[in-house]
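**Q** I am attaching a structure below and will ask some questions about it afterwards.
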Amino acid sequence: MAVTPPNSASEACPLSDETTAQQNGCPVSDPAAMARDFDAFQGAYQVDPAEALRWSRDQLPVFYAPKLGYWVVTRYDDIKAVFRDNILFSPKNVLEKITPATDAAMTVLKSYGYAMNRTMVNEDEPAHMERRRVLMGHFLPENLEKQQEMVRRLTRQKVDEFIDSGRVDLVEAMLYEVPLLVALHFLGVPEDEIETLRTFSLAHSVNTWGKPSDEKQVEVAHDVGRFWQYAGQVIERMREEKDGQGWMHHTIRMNAEMPDVVTDSYVHSMMMAIIVAAHETTSLASTNMFKTLLAHRDAWEDICSDPSLIPNAVEECLRYAGSIMAWRRQTTAATTLNGVDLPEGAKLLIVQASGNQDERHFEDGDSFDIYRDNAVDHLTFGYGAHQCMGKNIGRMEMRIFLEEMTRRLPHLKLAEQDYSYLPNTSFRGPDHLWVEWDTAHTPEKILSEARRAKHEFAVGAPARRDIARKIRVTETRSEAEGILGLTIEDAQGRTLPNWSAGAHIELCVGDYDRKYSLCGDPERGTYQVAILCENQGRGGSRHIHKTLKNGAEIKMRGPSNLFRLDEGAAHYVLIAGGIGVTPILAMADRLKTLGKSYELHYAGRSKRTMAFLNRVSRDHGPVLSLYADDEGRIMDLATMVAAVPEGGQIYACGPHGLLNALENLTDGLPQDTYHFEHFSTGISGLDPANESSFEAELTDSGMVLQVAADATLLDAILAAGIDVACDCREGLCGSCEVEVIEGEIDHRDMVLTRNERAQSNRMMSCCSRAKNGARIKLA
Ligand code: HEM
Ligand code: FES
């Protein structure tokens with residue numbers, strides 16, 4: 001049953017020639033054939049799901065796979081859109097047998113009275129949300145804090161048992177059993193039959209997401225049937241323990257109090273499903289984490305010397321090698337997804353492993369980078385109404401495992417081995433993970449303190465402010481009057497991640513965090529930025545101009561890209577105003593490399609103040625138009641916009657006036673014609689004297705949040721322990737969008753169009769507010 005992927009580059013590649021070709025950067029010649037041949041149970045997808053679907057992300061992001069009978073969705077934005085709409089994309093097929101049961105297997109299942117039905121993860125609205133709210137309490141951060149000591153204790157016991165052995169299969173020694181014990185403890189389920197549960201969990205996974213042979217189906221059906229009966233018996237035992245602790249005890253009590261919401265069928269089905277949901281997911285994710293980190297030694301060593309890196313390293317492991325590679329949905333009406341028509345009842349395999357490496361969302365997405373500042377955007381926990389309720393337990397376990405192991409066994413290494421995986425569509429992690437270390441160099445043999453010390457982590461997603469890498473300034477130069485050019489490299493001499501045109505980084509200098517677009521060579525591994533000294537600004541650029549010298553070591557976040565170039569347009573009009581030339585220059589370089597048709601318009605107050613004039617003239621001379629105010633040359637935006645050919649796109653970066661004028665001029669053009677990036681919003685801190693406090697009601701939970709006059713809605717949501725993505729926090733990036741059901745909005749962002757604002761059904765929570773202190777209701 002197990003597939004063994006190659007262990008080194010020298011081993012034979014199991015992928016087809018066509019797939020290999022596209023791995024090397026070439027498009028596949030026949031995407032339709034790739035779709036026709038897609039096999040979720042063997043070959044490339046089982047070896048490396050993200051890589052196996054690169055061709056799809058690039059060429060056919062939604063395709064029908066006849067061998068599976070599912071539509072496969074592979075791009076980040078599409079997967080998120082599917083997760084976001086659980087009415088149109090129902091989760092009802094999430095626990096369905098992906099390989100239909102044979103008659104013989106059905107007969108076996110029936111003989112056990114097997115009646116697996118809706119739990120939480122596969123329940124439709126409104127029943128799902130009603131149930132989720134009733135059962136949410138145990139998962140709140142304040143209640144999870146109490147579990148940390150138990151996780152720590154169980155982990156330490158296991159490490160104590162094997163620390164002197166020098167070689168161990170981490171799965172057998174710790175990563176299988178501890179998540180199972182934690183799950184049982186959290187659920188309040190007796191810990192009596194670990195090996196039985198192991199057999200049952202495996203059978204449930206094969207039964208639901210695997211492709212067992214006819215013979216195996218019967219064998220698995222017996223185990224699944226026994227698991228079903230066992231779950232029923234456990235519930236009966238638990239019902240007798242009136243004051244029992246744990247989430248399943250609470251569920252059983254709610255079943256008595258609200259039998260229409262927490263139904264009998266739900267309790268029995270959930271008892272069976274939750275063991276796998278809570279334990280296999282975490283066990284496999286932890287195994288993937290150690291395998292990935294030990295294979296990226298620099299990252300492992302950085303964590304050994306700085307455990308504060310652990311929370312983001314865990315997110316990056318969940319992104320790069322998560323334990324849930326794909327999930328399922330089913331359409332409730334005919335619809336269109338990324339231009340592809342889907343009939344009512346279409347079954348969808350949404351491949352998070354592919355979305356998690358989509359370059360359209362994650363810069364240099366197929367590289368592993370524990371300093372990635374949007375790693376937490378991964379889809380491994382799902383998204384939206386059904387997003388994993390136990391995500392903070394999973395995170396907690398993975399963080400504690402990593403903290404204990406990097407402190408007590410920093411010299412741990414991967415042993416030579418072949419990896420085997422259970423072939424299935426959704427759950428991923430090696431069956432075994434052999435590691436070894438020199439026991440003579442175990443730190444606690446020299447310093448007993450190494451055993452006891454520990455680093456604690458707050459429950460929840462990592463804070464973005466804690467994520468930054470150390471860099472060194474290797475050159476400073478004047479790019480024009482008032483513009484400082486910097487070249488920077490990784491402080492430890494490593495190669496900085498690749499980036500794409502339009503990307504920016506955030507420099508952390510003193511008390512200032514400031515974003516700057518990248519404008520050097522995207523593949524050289526060092527970065528270049530140009531910084532305008534803004535005398536009327538908030539002080540960040542002045543401070544940087546004054547203090548940054550050659551050799552300075554500072555911190556940096558990113559790269560991230562919120563201003564992406566669509567490389568498929570027929571023609572490009574690139575427009576830069578002042579320092580806005582930095583991302584535009586990177587775009588022009590890229591378009592030239594691609595051999596695309598483009599024109600470049602660059603305006604400034606005077607040529608003395610315009611950066612990169614030599615470079616733009618040298619590299620883009622034939623398509624360049626320069627406009628210096630003091631020479632009386634002004635851009636004729638109306639003529640430029642009118643001349644954009646069909647299928648053409650405009651990209652602009654510069655001051656508000658320029659961008660607003662373009663927004664007005666492009667109003668009637670097809671959507672996606674005009675793309676822009678502001679390099680300043682004019683939004684500074686909130687002045688409580690001029691702002692009103694307001695209330696925001698959350699429909700899902702019924703919670704009412706108070707937003708103080710000097711705080712944002714985003715602050716209030718995050719403080720309530722609810723994850724909302726956010727990046728810029730100043731109305732630029734669109735990541736913190738929330739849906740509004742009722743109430744008037746005072747929009748202050750630079751993201752929504754006039755039409756979208758008029759609809760009043762969404763807002764950027766980091767900056768926009770309720771009008772005049774009124775109450776708003778969020779979805
Ligand atoms: C749902 C992944 C750990 C309980 C889910 C979903 C995924 C997932 C993909 C479906 C999300 C969706 O449809 O949007 C994971 C991963 C974990 C993990 C990768 C560990 C690394 C846990 C733990 C528990 C848990 C430890 C409980 C103790 C649940 C529950 C749901 C769920 C109850 C259903 C939520 C709903 O439908 O409203 N999980 N999970 N999970 N998970 Fe997890
Ligand atoms: Fe970027 Fe709100 S966080 S728009």
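**Q** Please tell me which of these pairs span more than 28 angstrom C-alpha to C-alpha: Lys454/Lys555; Lys158/Lys242; Lys413/Lys515? Write out the running numbers ahead of the final one.
**A** On the way: Lys454/Lys555 25 Å; Lys158/Lys242 32 Å; Lys413/Lys515 38 Å.
Beyond 28 Å: Lys158/Lys242; Lys413/Lys515.
**Q** Trypsin sites (Lys or Arg not before Pro) within the range 537-588: which are DSSP loop residues with at most 10 other Cβ atoms inside 10 Å?
**A** Details: sites: Arg538, Arg542, Lys546, Lys549, Lys555, Arg557, Arg564; in loops: Arg538, Lys549, Arg564.
In loop regions of the range 537-588 (DSSP not H, G, I, E or B), the sparsely surrounded trypsin sites (Lys or Arg not before Pro) are Lys549.
**Q** Just to verify a number: FRET efficiency for Glu301 and Asp636, C-beta to C-beta distance, R0 = 41 Å, to 0.05?
**A** Values: r = 56 Å, r/R0 = 1.38.
Once the sixth-power term is evaluated, E becomes 0.15.
**Q** With a cut-off of 8 Å between alpha carbons and a minimum separation of six or more residues, what is the relative contact order of the chain in percent? Spell out each step's value before the answer.
**A** On the way: 1417 pairs, mean separation 83.4, N = 779.
Averaging sequence separation for qualifying contacts and normalising by length gives 11 percent for the chain.
**Q** Can you give me the distance in nm between label points at Glu257 and Ser478, each placed 7 Å from the Cα along the Cα-to-Cβ direction?
**A** A separation of 7.2 nm, rounded to one decimal place.
**Q** Under 19 Å from a point placed 7 Å out from the Cα of Ser111 along the Cα-to-Cβ direction: which residues of the range 189-229 have their backbone N that close?
**A** Answer for this model: 200, 203-204, 207, 213-229.
**Q** Could you check the spin-label model distance between Leu140 and Glu215? Points 7 Å from the Cα along Cα→Cβ, value in nm.
**A** Result for the modelled spin labels: 5.4 nm.
**Q** Something else: Once Lys and Arg get +1 and Asp and Glu get -1 on their Cβ, which of Tyr527, Ala273, Val108 lies farthest toward the positive end of the dipole of the chain?
**A** The listed residue farthest towards the positive side: Tyr527.
**Q** Ok, one more. Sum -39500 (n - 2.57) across every DSSP H segment of at least 4 residues in the chain, then divide by the residue count to get the 222 nm mean residue ellipticity, nearest 500. Kindly include the intermediate steps, with their values, before the conclusion.
**A** Details: 29 runs with 274 residues, N = 779.
About -10000 deg cm²/dmol.
**Q** So between Ser29 and Asn660, what do we pick up on full extension, going 0.36 nm a residue minus the alpha carbon distance?
**A** Working: separation 631, 0.36 × 631 = 227.16 nm, distance 4.22 nm.
Between Ser29 and Asn660, full extension yields 222.9 nm more.
**Q** Could you give the length gained on full extension between Arg494 and Ala720, defined as 0.36 nm per residue of separation minus the Cα-Cα distance, in nm? Show your work: numbers first, answer last.
**A** Numbers: separation 226, 0.36 × 226 = 81.36 nm, distance 3.87 nm.
Taking Arg494 through Ala720 to full extension adds about 77.5 nm, to one decimal.
**Q** Okay, moving on. Quick one: if the Förster radius is 56 Å, what FRET efficiency do Asp619 and Glu756 give, using the C-beta to C-beta distance and rounding to 0.05? Don't jump to the answer; show the numbers that get you there.
**A** Details: r = 37 Å, r/R0 = 0.66.
Efficiency at R0 = 56 Å is approximately 0.90.
**Q** How high is the FRET efficiency from Ala779 to Tyr512, r the C-beta distance, R0 25 Å, rounded to 0.05?
**A** Numbers: r = 36 Å, r/R0 = 1.43.
With a Förster radius of 25 Å, E is 0.10.
**Q** While we're looking at this one, here's another question. Whole Å is fine, so just give me how far the alpha carbon centre of the range 214-260 lies from that of the range 380-457.
**A** The range 214-260 and the range 380-457 have Cα centres separated by 30 Å.
**Q** What do you get for GluC sites (Glu not before Pro) in the range 462-493 restricted to DSSP loop and a cutoff of at most 16 other Cβ within 10 Å of the site's Cβ? Let's see the in-between values first.
**A** Working: sites: Glu475, Glu479, Glu481, Glu489; in loops: Glu481.
Listed in order of number, the matching sites are Glu481.
**Q** Taking loop as defined by DSSP and a crowding limit of 15 other beta carbons within 10 Å, which GluC sites (Glu not before Pro) in the range 547-606 fit?
**A** Numbers: sites: Glu553, Glu567, Glu599; in loops: Glu567.
Sparse-neighbourhood loop GluC sites (Glu not before Pro): Glu567.
**Q** Here's something else I'd like to know. Relative to the longest principal Cα axis of the chain, at what angle does helix 281-295 sit, 0 to 90 degrees, rounded to 10?
**A** So the helix axis and the longest Cα principal axis differ by about 50 degrees.
**Q** Rounded, prolate or oblate: which one fits the chain, using the alpha carbon gyration tensor with axes a ≥ b ≥ c (rounded when a/c is under 1.5, else prolate when a/b beats b/c, else oblate)? The partial results should precede the final answer.
**A** On the way: a/c = 1.64, a/b = 1.54, b/c = 1.06.
Prolate, since a/c reaches 1.5 and a/b exceeds b/c.
No lab work stands behind these numbers, since they all come straight from the coordinates. Small disclaimer: the values here were computed from a predicted structure and weren't measured. Neighbour counts run over all protein chains shown; Cβ positions are idealised from the backbone, glycine included.
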